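Student: First the structure, then my questions, so here it is.
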Amino acid sequence: MTALEGQKILHSSGSRAGSLAEAVDQTLAQLHSLLHNDPLRPVTEITADVGPLLQTRSPAEVVAIRVSPRPPADAFHSTSLPSNAASLVRRAIHVRGGHDVRGRELAPLGLEDFVAELPSIVATGIRNISITGVGSIAATAHEEAVADALLSQDSDMRITLSHGYFSNAFRDRDYTAILNSALSATGDELATLLERSCRRYFPSAALCYAKNDGGSGPLSLLSTTPVHGLFAEPAMRILGCATLTGVPDGEVILGEDQGVSVGLTRHGIPVASSLIRRGHGASLASNAAVHAPYTRNHLLAPDAVSVIADLRQSIGAPLPFGLKPTISIRDDVALVGCAAALLTGWIDRLESVVNEADLRRAQHLAEEDAQSMTVNLGAAPGNTRIIESSASSVAYSYPGIVRVRVRAAGTRAVADSEVK
């Protein structure tokens, strides 16, 4: 646990307990004891990094539903998933349908045939469902119709629709939807536990979870989008170092016991990519901080500002590559990042444009939507800003199809004396 006031660490500690619930309760009790007699330092926000728990808990089995014009012709053409996701799929079902990148229907939705399958799906006892449709990033109707049919049969099903996770690749969205669905029950359990404990000690604090992109989201979303909190720790370490050194834009080099890595920050938030890549297999379609091993061939712009953080627990030998640390810290810097994280919202979608005015209009609308999304997450309307905004053509696609990607961030707090 780390309590942060502005750029200052007020308190940092850990706890040992017989269960997760006891550990959370002890940690919050320590913080409450430290701050409850100081009304000038109210705890306004509590952010938890749940990634390590999501990675170690046993995921649930999933029924994977794939919507495409026709089923794979043979095993070679079937969707190939990483082993951690393939083992979770109890049953895979094909439904006729799908769209192209312009949102045009490739085949009529075979809803009647799918409805006939519903009793057998319910009979499996599995309530975690992923639905991935061809072209769903351009048209969501077929995924949503399949979901509606499932919910009409069993309203307790946990359904993940792939169009909420942007990637041009069907395989990436299928992998992400399956993994998210498998983790949704764990996310719900963790959200309930944290909510119950936090409300006991800090009833007015906003509750959040750390996200892979270096931002945070309301704890209430952990049960629906746990995959966005699965790999938050690298982003939080980058953000923590940038926060403690007061460097909002630049490179952050992390010297740790297991090696040296590097990330970037822009406007006080880690730079993020839209995919988490794992070799040449399917990628996880979740915005995540850019984070890579540091090598002796690393290039740095002459005017770039660098934070070189020595995070090693064992002090002795100098950092590799002749790096000279600008900050040395033994505390868990990822927790500092959690305390400093802003609410972040993304708009990532395809648009059809015919001229430059169309393009500017589409991008401006996406920026407004991203800021509105951040406000809906809990940010104050006057405290939101655009972190990045881009529009690019889609390779190997129809003329006039562009991808618009916008990131907004915001905060609830305005007072420097507030504790997070």
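Just so you know, all these numbers are worked out from the coordinates, no wet-lab data involved. This is a predicted model, so every value here is computed, not measured. All Cβ positions, even for glycine, are placed from backbone atoms using ideal geometry, and neighbour counts span all protein chains on display.
Student: Listed highest first by mean packing, meaning other Cβ atoms within 10 Å per residue, what order do 318-325, 211-218 come in? Numbers along the way, then the final one.
Tutor: Values: 318-325: 12.8, 211-218: 27.1.
So the peptides 318-325, 211-218, ranked by packing, come out 211-218, 318-325.
Student: Explain nothing, just the number: relative contact order of the chain, from Cα pairs under 8 Å at least 6 residues apart, as a whole percent.
Tutor: Normalised by residue count, the contact order of the chain is 17 percent.
Student: To continue, here is another question. If you place +1 on the Cβ of every Lys and Arg and -1 on the Cβ of every Asp and Glu, how big does the dipole about the Cα centre of the chain come out, in debye to the nearest 20? Please list the in-between numbers first.
Tutor: Values: 36 positive and 43 negative charges, 108 e Å.
Using only the charged Cβ atoms, the result is roughly 520 debye.
Student: Could you point to the label whose value was computed as mean projected area of the Cα convex hull in nm² for the structure here, given (1) 25.4; (2) 23.1; (3) 29.8?
Tutor: Correct label, based on the coordinates given: (2).
Student: Compute the whole-percent fraction of alpha carbon pairs in region 62-186 spaced more than 23 Å apart. Don't skip to the answer; put the middle values down first.
Tutor: Numbers: 1786 of 7750 pairs.
Of all Cα-Cα pairs in region 62-186, 23 percent lie more than 23 Å apart.
Student: Work from the charge dipole of region 62-186 (Cβ charges, +1 for Lys and Arg, -1 for Asp and Glu, about the Cα centre) and give the residue of H99, S184, A149 farthest towards its positive end.
Tutor: The one lying farthest along the dipole's positive direction is S184.
Student: Which whole-angstrom value gives the distance between the alpha carbon centres of region 315-350 and region 118-133?
Tutor: 41
Student: One-quarter of the Cα convex hull surface for region 301-420, in nm²?
Tutor: 12.1
Student: Could you work out the equivalent-ellipsoid semi-axes for region 274-342, taking the square root of 5 times each eigenvalue of the Cα gyration tensor, largest first, in whole Å?
Tutor: On the way: eigenvalues 128, 70, 40 Å².
After scaling each eigenvalue by five and taking roots: 25, 19, 14 Å.
Student: As an exercise, use a Förster radius of 22 Å and the Cβ-Cβ distance of N168 and S273 to find the FRET efficiency, rounded to the nearest 0.05.
Tutor: Efficiency, rounded to the nearest 0.05: 0.95.
Student: Could I ask something else about it? List R312, R158, R70 from most exposed to least, where exposure is judged by having the fewest other Cβ atoms within 10 Å. Write down the numbers at each step before the final one.
Tutor: Numbers: R312 18, R158 21, R70 10.
Fewest-to-most ranking of R312, R158, R70: R70, R312, R158.
Student: May I ask you to compute the full-extension gain from K324 to R90, defined as 0.36 nm times their residue separation minus their alpha-carbon distance, rounded to one decimal in nm? Can you show the working numbers first?
Tutor: Details: separation 234, 0.36 × 234 = 84.24 nm, distance 5.16 nm.
Once the chain is fully extended between K324 and R90, it gains 79.1 nm.
Student: Suppose we keep just the DSSP beta bridges with both residues in the chain; what percent of those would be antiparallel, to 5?
Tutor: In the chain, approximately 60 percent of DSSP beta bridges are antiparallel ones.
Student: Where the only charges are on Cβ atoms (+1 Lys, Arg; -1 Asp, Glu), what is the dipole of region 62-186 about its Cα centre, to the nearest 20 debye?
Tutor: Values: 11 positive and 13 negative charges, 62 e Å.
That gives a dipole near 300 debye.
Student: Compute the FRET efficiency between A123 and R199 as 1/(1 + (r/R0)^6), taking r as their Cβ-Cβ distance and R0 = 60 Å, and round to the nearest 0.05.
Tutor: So the FRET efficiency works out to roughly 0.95.
Student: Pull out the extension gain between A116 and S155, defined as 0.36 nm times the separation in residues minus the alpha carbon to alpha carbon distance; nm, one decimal. Numbers along the way, then the final one.
Tutor: Numbers: separation 39, 0.36 × 39 = 14.04 nm, distance 1.74 nm.
12.3 nm is the gain from fully extending A116 to S155.
Student: I've got another one for you. Give me V404, V353 sorted ascending by neighbouring Cβ count inside 10 Å, so fewest comes first.
Tutor: Working: V404 23, V353 19.
Final ranking by Cβ density, sparse to dense: V353, V404.
Student: Over region 343-410, what is the relative contact order in whole percent, taking alpha-carbon pairs under 8 Å and six or more residues apart? Could the numbers behind the result be given before it?
Tutor: Numbers: 129 pairs, mean separation 33.1, N = 68.
Across region 343-410, relative contact order equals 49 percent.
Student: At 0.36 nm per residue, minus the direct Cα-Cα distance, what do S397 and V305 gain on full extension? Give it in nm, one decimal, please.
Tutor: 29.3 nm
Student: Please state the relative contact order of region 236-331 as a whole percent: Cα pairs under 8 Å, 6+ residues apart? Spell out each step's value before the answer.
Tutor: Working: 171 pairs, mean separation 27.4, N = 96.
Once normalised by length, the contact order is 29 percent.
Student: For V67, list long-range residues whose amide hydrogen, built 1.01 Å from N in the peptide plane, is under 5 Å from its own amide hydrogen.
Tutor: So V67 has HN proximity to V95, T132, G133, V134.
Student: So what are the radius of gyration and Dmax for the Cα set of region 214-337, in Å?
Tutor: For region 214-337, the Cα-based Rg and Dmax read 14.9, 45 Å.
Student: Starting from the amide H of V307, placed 1.01 Å from N in the peptide plane, find each other amide H under 5 Å away whose residue is 5 or more places distant or on another chain.
Tutor: E251, V252, I253
Student: Would you order D49, D156 from fewest to most other beta-carbon atoms within 10 Å of each residue's own beta-carbon?
Tutor: Lowest count first: D156, D49.
Student: Just name one of V307, A288, C241: the one whose Cα is farthest towards the positive end of the charge dipole of region 236-331 (beta-carbon charges, Lys/Arg +1, Asp/Glu -1).
Tutor: Ranked along the dipole, the leading option is A288.
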